[in-house]
Amino acid sequence: AQKITQTQPGMFVQEKEAVTLDCTYDTSDPSYGLFWYKQPSSGEMIFLIYQGSYDQQNATEGRYSLNFQKARKSANLVISASQLGDSAMYFCAMREGATSNTGKLIFGQGTTLQVKP
Amino acid sequence: GAGVSQSPRYKVAKRGQDVALRCDPISGHVSLFWYQQALGQGPEFLTYFQNEAQLDKSGLPSDRFFAERPEGSVSTLKIQRTQQEDSAVYLCASSLPGLVQWGQFFGPGTRLTVL
């Protein structure tokens with residue numbers, strides 16, 4: 001069965017510094033997609049970044065990058081130059097299939113990030 | 001609208017009441033998902049529609065939960081005889097099969113409190 005593990009319930013980071021949020025996953029399917037979502041206190045789920053299992057390069061989106069280590073089954077999110085608005089809950093999620101967008105998402109437990117001024 | 005909308009945003013029900021939660025997906029999105037998010041937890045899959053067909057309902061926790069999408073657009077999640085353990089945020093998401101790298105677009109959720 002597919003599983004996502006986020007081992008950091010809470011993290012603190014100083015404003016303008018970088019922070020890494022950990023995510024490991026478990027699947028026997030060679031084709032899958034990995035996502036990171038941000039959920040502020042207002043509740044909406046905001047898509048941040050995507051990595052497909054067949055992608056050769058690590059994904060980047062602005063200040064967000066994904067450190068994808070396939071052999072270790074890890075997909076850590078790196079946020080550079082943290083801002084106060086980055087304070088939120090962050091979820092790692094996995095979808096069955098890297099070439100179709102019809103699979104359900106399996107979410108981790110989340111990591112709460114607090115950015116200190 | 002431009003995004004996924006859900007109504008009501010908040011619902012308080014007495015134990016034993018039936019509730020209906022509505023989801024309006026992004027226009028043209030054929031895939032629609034429902035998730036349940038307990039306080040402080042990650043969302044958990046409930047059910048999936050492709051157009052009007054309910055292709056996966058493996059996550060529905062009991063036969064008190066029922067979802068429909070009769071015309072392939074708006075969906076309703078119905079919970080009969082609500083229990084306190086049903087208290088959660090119910091998230092709806094929609095997607096297009098070909099937009100692999102975008103995943104699912106989520107609505108703001110409906111927060112259900114069962115007293």
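The values are calculated or read from the model by the stated rules, or taken from the named source; none is laboratory data. It should be emphasised that the depicted structure is a prediction, and the values quoted were computed from it without experimental measurement. All Cβ positions, glycine included, derive from the backbone under ideal geometry; neighbour counts span all protein chains shown. Heavy atoms of the whole protein, side chains included, go into the accessibility calculation; ligands, DNA and RNA do not. Shrake-Rupley method; radii C 1.70, N 1.55, O 1.52, S 1.80 Å.
What the table shows:
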{"item": "Matching option when the condition is open to solvent by 30 Å² or more (accessible area, probe 1.4 Å), among the β-branched types (Val, Ile, Thr) and free of Cβ contacts under 8 Å to residues at least 12 places away in the same chain, among A:THR60, A:THR24", "result": "A:THR60"}
{"item": "Residue ID - nearest to the other protein chains (Cβ to nearest Cβ), chosen from residues in region A:72-97 that are of a type in the set (A, V, I, L, M, F, W, C) and open to solvent by less than 20 Å² (accessible area, probe 1.4 Å)", "result": "A:PHE91"}
{"item": "In region A:51-70, the residues that are more than 19 Å from B:LEU99 (Cα to Cα) and among the hydroxyl-bearing types (Ser, Thr, Tyr)", "result": "A:TYR64, A:SER65"}
{"item": "Residue list for region B:12-43, filter: outside any loop (DSSP other than H, G, I, E, B), away from every other protein chain (no Cβ under 14 Å) and either open to solvent by 40 Å² or more (accessible area, probe 1.4 Å) or closer than 21 Å to A:ASN101 by Cα (or both)", "result": "B:VAL12, B:ALA20, B:ARG22, B:ASP24"}
{"item": "Residue in region A:1-15 that is modelled with the lowest pLDDT, counting only those that are part of a loop (DSSP other than H, G, I, E, B) and exposed (fewer than 12 other Cβ atoms within 10 Å of the Cβ)", "result": "A:ALA1"}
{"item": "Flag for B:GLN50 being modelled with pLDDT under 95 and open to solvent by 30 Å² or more (accessible area, probe 1.4 Å)", "result": "yes"}
{"item": "Filter pass, A:ALA98 being among the aliphatic types (A, V, I, L, M), in contact with a helix residue (DSSP H, G or I) (Cβ under 9 Å, 6 or more places away or on another chain) and within 22 Å of B:GLN50 (Cβ to Cβ)", "result": "yes"}
{"item": "Residue that is farthest from the other protein chains (Cβ to nearest Cβ) [pool: residues in region B:84-107 that are open to solvent by 10 Å² or more (accessible area, probe 1.4 Å) and part of a helix (DSSP H, G or I)]", "result": "B:GLN84"}
{"item": "B:PRO70, sole failed condition from (1) under 18 Å from A:GLY103 (Cα atoms); (2) open to solvent by 40 Å² or more (accessible area, probe 1.4 Å); (3) out of contact with any strand residue (DSSP E or B) (no Cβ under 7 Å at 6 or more places or on another chain)", "result": "(1)"}
{"item": "Positions within region B:54-83 being assigned to a strand (DSSP E or B) and more than 14 Å from chain A (Cβ to nearest Cβ), in sequence order", "result": "B:PHE65, B:PHE66, B:GLU68, B:SER75, B:THR76, B:LEU77, B:LYS78, B:ILE79"}
{"item": "Which listed residue is surrounded by fewer than 12 Cβ atoms within 10 Å (Cβ to Cβ) and in a loop (DSSP other than H, G, I, E, B), from A:SER100, A:SER42", "result": "A:SER42"}
